[in-house]
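Enquirer: Before we start, here is the structure in question, set down as C-alpha cells.
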Amino acid sequence: MITLAALARVQAAYGDSWSHDISPVAVGDLSIGDDAPVLMGTVNLSRDSSYRESVATGTSSALRKARIQIAQGAGIVDLGAESSNVGTVRVSSRDQIASLVPVIEELADETVVSVETYEPPVVEACLDAGATILNMTGREHEDEMLTLAAKYDAAVVLCFGEADNIREISDLDLSGDPMPLLVDHFGARLERARSLGATRLIIDPGMGFYYGNLVDPIPRARHQAKVLTQGFRLRSLGAPICNAMPHAFDLFEDEFRTAEGFFAIWAALGSTHVLRTHEVSRVKAVLDSLAALAVD
C-alpha cells in the first residue's frame, strides 16, 4: 500500500539524489527538465494499439486527434505507426513512412513532433519531414539512429531495453532494487550517444513496455509505481526523464481512462519531466492540481 510513511522511508533513504542538477533539453519553445513537467500526447497510426482511444485511422484522423491533444495541453505529440505490443503485426519501414510523413509535415509548424520508431529509414524520413524528437524504441541500429539525430539536431528519448526493439520479449532483473540497474544502463548509453554527436538526450525507464517475466498485471503495476515514484534516483545521470503513464486495466477496469492520471501523481512526485499519455486532459488536470495545492 502507498502511504505517507512509505514515501517518508524512500525520501530518508535516497533523498540525497535530489541534489543532482538536470541539464534541460531545449526543443522548439520547450525546455524539458525544468520544474514544470511537459505532456507528450500520443497518436497511434497502427490499428493494433491496445489503447483504442489513441488510434487514428488515417492522416486526417491523426491530425484531428493531435490538434485536440495540443488544445488540451500537450507540448509534444508522439506519433507511431507500429504497435509496441508483443505479437502484433510488424509494419515495414516503407509503410510507416507513408503513414507518418504526411502527418508530420502538417503538424511540424504547430507543435513539437516526436516519432516513435526503431528503424533508421523511418528516423531519417520523419526528421527530414520536421519531427524534432526521436523516441527510440530499439537498439539494433542505435548508432545509426543517433548519428541521424545528430545530423538533424534532434532530441532523443533513449528507451530502456537491451533487445533489438521493445517488441521483442525480454526479461527484467527483478532480484533486487531496479534503480542501480537503470543508472548503469543509461550511463553507458548516454556516453555513447554524446560521442556520436547526439547531445539533447532524455531517458525513458520503460514503464510502458512488455517484459516476459512481468506479465501478471498486479506485480507489473507495483513495479511501475515503484520506478515512477523513485525516478528521482536517476537524477545523477543529469538527463531529463520521460515516462509513459501505465494503463493498469486490471486495477481500474471500467475506469481505466483514469489510470494514467493516477500514475501521473507518482511520476510527478518522482521527478518525471515528460509524461507520455493517451489522456492529456485528465493528466493535465492532475498536474495542475498538484501545482496548486500544498500539504505542509
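The values are calculated or read from the model by the stated rules, or taken from the named source; none is laboratory data. From a predicted model like this one, the values you see are computed outputs, not experimental measurements. Here the Cβ is made from the backbone with ideal geometry for all residues, glycine too, and neighbour counts use every protein chain on show. The area values use the complete protein model at the heavy-atom level, side chains included, leaving out ligands, DNA and RNA. Shrake-Rupley method; radii C 1.70, N 1.55, O 1.52, S 1.80 Å.
Enquirer: Counting only residues that are open to solvent by less than 40 Å² (accessible area, probe 1.4 Å) and either farther than 22 Å from Ser114 by Cβ or in contact (Cβ under 8 Å) with a residue 40 or more places away in the chain (or both), how many does region 242-257 have?
Expert: Within region 242-257, residues that are open to solvent by less than 40 Å² (accessible area, probe 1.4 Å) and either farther than 22 Å from Ser114 by Cβ or in contact (Cβ under 8 Å) with a residue 40 or more places away in the chain (or both) number 3.
Enquirer: Within the bounds of region 75-87, is there any residue that is within 24 Å of Val25 (Cα to Cα), among the β-branched types (Val, Ile, Thr) and in contact with a helix residue (DSSP H, G or I) (Cβ under 8 Å, 6 or more places away or on another chain)?
Expert: yes
Enquirer: Show me the strands (runs of 3 or more DSSP E) entirely contained within region 2-103 in which 1 or more residues are over 22 Å from Ala259 (Cβ atoms), touching a Pro at 6+ places or on another chain (Cβ under 6 Å) and open to solvent by 30 Å² or more (accessible area, probe 1.4 Å).
Expert: In region 2-103, the matching strands (runs of 3 or more DSSP E) lie at 30-32.
Enquirer: Okay, next question. Just to check your reading of the model, which residue among Ala5, Ala26 is at pLDDT 95 or above and over 30 Å from Asp177 (Cα atoms)?
Expert: Ala26
Enquirer: Could you list, in sequence order, the residues of region 134-146 that are outside any strand (DSSP E or B), open to solvent by less than 10 Å² (accessible area, probe 1.4 Å) and either out of contact with any strand residue (DSSP E or B) (no Cβ under 6 Å at 6 or more places or on another chain) or modelled with pLDDT under 95 (or both)?
Expert: Residues satisfying the conditions are Thr137, Leu146.
Enquirer: Inspect all residues belonging to region 114-125 and state whether any of them is open to solvent by less than 50 Å² (accessible area, probe 1.4 Å), on the phi > 0 side of the Ramachandran plot and either modelled with pLDDT of 95 or more or assigned to a strand (DSSP E or B) (or both).
Expert: Scanning region 114-125 turns up no residue that is open to solvent by less than 50 Å² (accessible area, probe 1.4 Å), on the phi > 0 side of the Ramachandran plot and either modelled with pLDDT of 95 or more or assigned to a strand (DSSP E or B) (or both).
Enquirer: Also: Does Leu172 count as on the phi < 0 side of the Ramachandran plot, open to solvent by 40 Å² or more (accessible area, probe 1.4 Å) and of a type in the set (A, V, I, L, M)?
Expert: Here the answer is no, as Leu172 does not meet what is asked.
Enquirer: Given the residues Ala149, Ala154, Ala131, Ala188, which is the only one that is open to solvent by 40 Å² or more (accessible area, probe 1.4 Å) and either under 19 Å from Met40 (Cβ atoms) or among the aliphatic types (A, V, I, L, M) (or both)?
Expert: Ala188
Enquirer: Which of the following residues is without any contact (Cβ under 8 Å) to a residue 40 or more places away in the chain, in contact with a His (Cβ under 7 Å, 6 or more places away or on another chain) and within 24 Å of Thr117 (Cβ to Cβ): Glu260, Glu191?
Expert: Glu260
Enquirer: Another question, if that's okay. Consider Arg222 carefully, then state whether it is more than 19 Å from Glu140 (Cα to Cα), within 16 Å of the chain's Cα centre (by Cα) and open to solvent by 20 Å² or more (accessible area, probe 1.4 Å).
Expert: no
Enquirer: Continuing with this model, one more query. Is there any pair with a first residue in region 52-67 that is more than 18 Å from Val101 (Cβ to Cβ) and a second that is assigned to a helix (DSSP H, G or I) and among the small types (Gly, Ala, Ser) whose Cβ atoms are under 9 Å apart and which are 6 or more apart or on different chains, and what are they?
Expert: Hits for this filter: Val55/Ser61.
Enquirer: Among the candidates Val183, Val274, Val227, Val283, which residue alone is under 18 Å from Ala155 (Cβ atoms), open to solvent by less than 60 Å² (accessible area, probe 1.4 Å) and β-branched (Val, Ile, Thr)?
Expert: Val274
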